[in-house]
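Below: one structure, written as structure tokens.
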Amino acid sequence: MILRINLLLDIMEKFIFTTSANAQNYHYQQDRTGSWETSLMWRYQGAETIKGNYGSKIEFDSASRGGFTFGYNFDKKWNLQWEYSHVKPSYKATYVKDDQSVAKNIDHTAGTTTNNFNLTYHFLEGKITPFVMAGLGWTKTDSNIASGASPGCWWTWYGRVCNRYTTSYKSTDFSYNAGMGLRWELDDRMFLRGSYGFQWVDMDNVGSTPRFEVGRFEFGYRI
């Protein structure tokens with residue numbers, strides 16, 4: 001009887017030790033502290049109308065395309081990331097000159113490239129956690145409408161080559177964003193992240209600062 005009790009205690013001791021060790025390893029693997037991560041992103045940008053002087057306006061349609069992020073986890077709660085994205089929204093523009101003489105209508109597709117530096121706070125330390133985020137950066141908007149042609153020359157292995165390339169009307173503006181979302185750690189490396197928020201682009205000569213809806217869905221990998 002005493003031998004059976006001692007054997008049972010020995011088995012329980014080994015089981016408790018093994019379970020504790022596995023729990024510590026699992027906890028360590030889930031700890032994001034000090035880790036780098038990257039993700040591929042699907043990004044949605046909502047429609048927006050931007051009004052200018054004398055009745056000029058641009059009506060952007062909603063659009064979605066890809067991007068990526070690269071970030072660092074300071075601890076279990078705080079993350080800083082660089083976000084790059086590019087979308088190609090269709091737009092309709094009405095352009096009125098300063099003398100208000102003639103209104104010109106344009107129907108075309110733009111190219112919008114955004115670089116953001118986002119700070120994220122996770123509310124929980126577990127595998128699934130809601131978060132809030134905010135960031136600053138810049139947005140380059142290319143109308144894809146030719147503004148002229150410029151000569152360009154470069155050297156190749158067979159000599160000097162000169163050609164003309166077309167420039168377009170474009171602007172690069174300060175932008176900032178805020179949002180909230182949910183992060184899900186699939187295992188000790190891979191994760192999913194989704195968020196919804198807004199991005200403001202500080203353009204010149206407009207009635208009010210444009211505000212775009214922004215949706216993100218990401219598949220990421222922790223390095």
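Listed values, structure above:
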{"item": "Packing-based exposure ordering (other Cβ within 10 Å, fewest first) of Ser62, Ser56", "result": "Ser62, Ser56"}
{"item": "Summed residue charge, Cβ within 12 Å of Gly111's Cβ, Lys/Arg positive, Asp/Glu negative", "result": "+3"}
{"item": "Inter-probe distance in nm under a simple model that places probes 7 Å from Cα toward Cβ, at Ile145 and Arg65", "result": "1.9"}
{"item": "Spacing of the two label points (7 Å from each Cα toward its C-beta) at Leu136 and Thr33, in nm", "result": "2.9"}
{"item": "Inter-probe distance in nm under a simple model that places probes 7 Å from Cα toward Cβ, at Tyr221 and Lys170", "result": "3.0"}
{"item": "Summed residue charge, Cβ within 12 Å of Arg183's Cβ, Lys/Arg positive, Asp/Glu negative", "result": "+3"}
{"item": "Taking region 34-222 and dividing mean pair separation by its residue count, relative contact order in percent (alpha carbons under 8 Å, at least six apart)", "result": "21"}
{"item": "Pairs of lysine residues in region 34-222 - Cα separation under 24 Å, sequence separation of 8 or more or cross-chain", "result": "25"}
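Each value in this text was obtained by applying a stated rule to the coordinates, not by laboratory testing. Given the structure is predicted, the values throughout are model-derived calculations rather than measurements. Backbone-built Cβ (ideal geometry, glycine too); neighbour counts: all protein chains shown.
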